[in-house]
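Engineer: Could you have a look at this structure, given as structure tokens, before my questions?
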Amino acid sequence: MTERRTLSAGWCAALTLVFLAAVSWWGVLQVDPPPVVPATAPATDFSAARALAWLRVFARVPHPVGTAAHDAVRDYIVKQLYALGMQPEVQTATVVSPRWGSPYNAATVYNVLARLPGVDNTKAVMLAGHYDSVSSGPGASDDGHAVALQLETLRALLHSPRLRNDVVFLFTDSEEGGLLGAKGFLEHHPLAKQIGLVMNFEARGASGPAMMFETSEGNGRIVREFAAAAPHPVTSSLSYEAYKLLPNDTDLTFFKRAGLPGLGFAFVNDVAYYHTQYDDVAHLDPRSLQHDGDYALALARRFGGIDLRDLTGANATYFVLPFFGCIVYPMSWSVPLAVFAALLFACVVALGIRKGRVTLGGTLAAFFGFALAIGVGSVAVGVMWSLAKGEGAGVWQVFAGDPYHAGVYRLASVALAVASTSALFAAVRKRARVLNLWAGALLCWLLLALATGVLMPGATYLFLWPTICATVALGILVRTSEPRASASGTILLLWAFALPGLIMMAPTIELLFQSLTMRMAFVGAFATVLLLGLSIPCLDLIAGAGHWRLPIAAALVCAACLIAGASMSGFNRDGPRTNSMYYGLDTDTGKAAWFSLDRQEDAWTTHYLGPNPQRAALSQFVPFLQWQYLTHDAPAVTLPAPLIERLDGAPNELHLRVSSPRQAPRMYLYGDERNPVLEATVDGAPIEAAKAFVGLKAGQKAYAFRMQRWGLCYFNVPQQGIELRMRLQDPAAGYRMEVVDQSYGIGWLPGATPRPDSMIPFPLMMDSVWVRKTYVL
């Protein structure tokens, strides 16, 4: 008889473990991007295979603003629009953005636009994405995929019946310089007033599902339209709430500030390739492009067929459930529903106390114990990653936050959280009632639902619905018996009520790891422990076959993943080291220096920095940053200094022309802190210093420039230079101005050497030349 009960307990444990793992894995698979549609698909469909044909042409080399490669990409877009039968327009404008503080960002931007007329336009639908890249990568994902996506969407629409509304395709310039193309469109193009909805497409990685992660305020109606039309939706109002706290921006930032309704899309996995030479077509997952393209075409048709003159509405809570699609309801329901959950929980606990199944003291003790488990699991994962990444290990990408093989470390994080939590459960299982432990964990879930209902109502759903389902299951059990007393009679009930939490939390955990990277892996661990608390009766069934089997097994999985990660660390052509190397020439002193943002020198950078480089801030080149660079003296190369010419102007102003004789695409100007600038314009565009930091999110303020003196960073410097007018506090006093121009590439400098073949023959972050000169005007 004893042998039979042991066998039954073993089967219950095994089946429950398989059920939890299988449902979790299935939930994660639900957010995978869809398969690629082939080029042979009907002309009315979006095909990533067709879009890639465009992308392969222009996303071969870096094309930052101000370079010949950037101009070539713009010309290619215009040519393809003409080939599709459109009449494209290139909008030229001087744009200034003071929002990040001094030095203020400015640029000459060249936006490309095309308009597909509708049959009875109310307002236009606009698709947007930027065509410039950073200087360190070809920008296939960021944001070349959005260029190819727009061209393929336009091609499909041209093969379809005409829509009611116009569709505008906007290829913005200088996004990497501070969203300047989007700002220029809004400020200088008359079409901006005719836009009813904008969809912006971005990428911060090379793979993963395309998430609709950002919306404008008053999103209720546009989210409902999205839910009705979007194929394979991956979205939630949790991302809407979280994104408001993160220090990130897209072009949609300015569109929203201008009052345009909008949706933002992005894929963010494989962030180690972001802004590197491996942001190329070979490393872009075409399924992610397909996912974004499916959104673009379906939603262009949806919004292209409705009245867009008024899309305002109350904010919505929204999330995706398999088989049910995108669930949408008013965000204002969050607090009432959380209060309902609290009342339901109170009734169930009261019933449990009356029946002797639950005790108040045991529930409160379990609550604090579960809070401890959350803390232990989160801290353990944070410490694990700190030790695993090391200071110079190949797993650590300073500028990205993720290793090349992030998957094994994510699994290690989940396994460690499972190991620590199940170990604590095993330690108290014999001394505590399972229903007390479960009620304590559910109390933690309930408090999170109540707190988010007040502070982040869009995130409440994630805690609310699993709590309600688990509370109902708890109510059923307190009327019957403890789960251990009759596992065979309760297993189906426990599985059924565990489903909502599993299918909602498992993909959320995966998306948290993708979005926040291993740098914030403790957040994924936090969510993992929460999910385990929701499943405490299932953990009890698993522990019935042996208290310590699950903790030991999870710990072994964690160790195996860490060993696998260590074996894949180091550098090779598939996972090259991230380097940066700059050359700075100070023409005032005649001295030059090599400098790098790398954490430590390697075999290649030692050629420039020597075996013992110094760490120092370089205020003569970048006074607005206090970063510590590795530096070493360099031979002074004869290079023309940036030029400031004084022009005729009013007596109370400085009228200057600032240019780069060597045609550097970027220029920095630093004013005299002893004589404040009261007003200034660049090429006629006002530099509104009073608007500095306006519109920054809370998470962005720590990254704003706090340089006390006036400064300007100008991208895409025209060949003739820029014209600057400045009204000073004391016009009669002399004025000291420093100017630094920056060009890309150091390979042409004497003494430069290519990177070893064991890495790749070019740096992955940035290599540039800076030349500085001071003028007294």
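The values are calculated or read from the model by the stated rules, or taken from the named source; none is laboratory data. Remember, it's a predicted structure, so these values are computed and weren't measured experimentally. A quick note on method: Cβ atoms are made from the backbone with ideal geometry, for glycine too, and the neighbour counts reach across all protein chains shown. Protein only, heavy atoms only, side chains kept; ligands, DNA and RNA dropped before computing areas. Shrake-Rupley method; radii C 1.70, N 1.55, O 1.52, S 1.80 Å.
Engineer: Arg519 to Arg615: FRET efficiency via 1/(1 + (r/R0)^6), r the Cβ-Cβ distance, R0 22 Å, to the nearest 0.05?
Structural biologist: On the way: r = 22 Å, r/R0 = 1.01.
Given R0 = 22 Å and the Cβ-Cβ separation, E is 0.50.
Engineer: Could you tell me the extents of the stretch 528-684's C-alpha atoms along the three principal axes, largest first, rounded to whole Å?
Structural biologist: That gives 89, 41, 28 Å along the principal axes, largest extent first.
Engineer: Rank-order 434-445, 678-689 by packing density, defined as the average count of other C-beta atoms within 10 Å over each peptide's residues, highest first.
Structural biologist: 434-445, 678-689
Engineer: Semi-axes of the equivalent ellipsoid of the chain: what are they in whole Å, largest first, if each equals the square root of 5 times a C-alpha gyration tensor eigenvalue?
Structural biologist: Semi-axes, largest first: 51, 31, 25 Å.
Engineer: I want the antiparallel fraction of DSSP beta bridges within the chain, as a percent rounded to 5.
Structural biologist: 70
Engineer: Debye sum, Cα scatterers, the stretch 31-135, no solvent: what log₁₀ I/I(0) at q = 0.10, 0.13, 0.14, 0.24 1/Å?
Structural biologist: At q = 0.10, 0.13, 0.14, 0.24 Å⁻¹ the computed log10 ratios are -0.42, -0.70, -0.79, -1.38.
Engineer: For q = 0.08, 0.10, 0.15, 0.22 Å⁻¹, what log10 I(q)/I(0) does the stretch 247-388 give under the Debye formula with an equal point scatterer on each alpha carbon and no solvent?
Structural biologist: For the requested q values the scattering log ratios are -0.51, -0.75, -1.15, -1.40.
Engineer: Which FRET efficiency value, to the nearest 0.05, do you get for Asp75 and Lys193 by plugging their Cβ-Cβ distance into 1/(1 + (r/R0)^6) with R0 = 30 Å?
Structural biologist: Efficiency, rounded to the nearest 0.05: 0.60.
Engineer: Give me the distance in nm between label points sitting 7 Å out from Cα along the Cα-to-Cβ direction at Leu351 and Arg164, one decimal.
Structural biologist: Taking the two extended label points, one gets 4.8 nm.
Engineer: Ranking request for peptides 737-748, 600-611, 378-389: highest mean number of other beta-carbon atoms within 10 Å first, then the rest in descending order.
Structural biologist: 737-748, 378-389, 600-611
Engineer: Just grab the label-to-label distance for Leu245 and Arg736, each label 7 Å out from Cα along the Cβ direction, in nm (one decimal).
Structural biologist: Spacing of the two 7 Å Cα→Cβ label points: 4.5 nm.
Engineer: Hey, can you list the DSSP H helices of the chain whose Cα span along the axis is 15 Å or longer and whose average Kyte-Doolittle score is at least 0.0?
Structural biologist: Taking the DSSP H segments of the chain (at least 15 Å long, mean hydropathy at least 0.0), we get 2-29, 48-58, 145-158, 334-355, 360-389, 406-428, 434-455, 460-478, 487-516, 521-534, 549-567.
Engineer: Let me ask something else about it. Highest mean first, what order results for 400-407, 297-304 on Cβ atoms within 10 Å?
Structural biologist: Numbers: 400-407: 21.6, 297-304: 23.2.
Ranking, from highest mean packing down: 297-304, 400-407.
Engineer: Once the Cβ-Cβ distance between Thr606 and Ala566 is put in as r, and R0 is 30 Å, what FRET efficiency do you end up with, to the nearest 0.05?
Structural biologist: Efficiency at R0 = 30 Å is approximately 0.75.
Engineer: If the limit is 30 Å between Cα atoms, which of Lys79/Lys691; Lys389/Lys691; Lys183/Lys591; Lys123/Lys244; Lys123/Lys183; Lys591/Lys691 go over it?
Structural biologist: Flagged as over cut-off: Lys79/Lys691; Lys389/Lys691; Lys183/Lys591; Lys591/Lys691.
Engineer: Which aspartates and glutamates, if any, have their Cα less than 14 Å from the Cα of Lys355, not counting same-chain residues under 8 positions apart?
Structural biologist: Filter leaves Glu482.
Engineer: Over the Cα atoms, compute the radius of gyration (one decimal) and Dmax (the largest Cα-Cα distance, rounded to a whole number) for the stretch 525-595, in Å.
Structural biologist: When restricted to the Cα atoms of the stretch 525-595, Rg and Dmax are 25.2, 77 Å.
Engineer: Taking the Cα atoms of the stretch 104-259, report the difference between the largest and smallest coordinate on each principal axis, in whole Å and largest first.
Structural biologist: 42, 36, 28
Engineer: Aspartates and glutamates within cross-link reach of Lys773: Cα-Cα under 19 Å, excluding same-chain residues under 8 positions apart?
Structural biologist: Filter leaves Asp586, Asp588, Asp633, Glu645, Asp672, Glu673, Glu723, Glu738, Asp741.
Engineer: If I compute solvent accessible area with a 1.4 Å probe over the protein chains, what percent of it on the stretch 540-627 is carbon and sulfur?
Structural biologist: Carbon and sulfur atoms account for 59 percent of the accessible area of the stretch 540-627.
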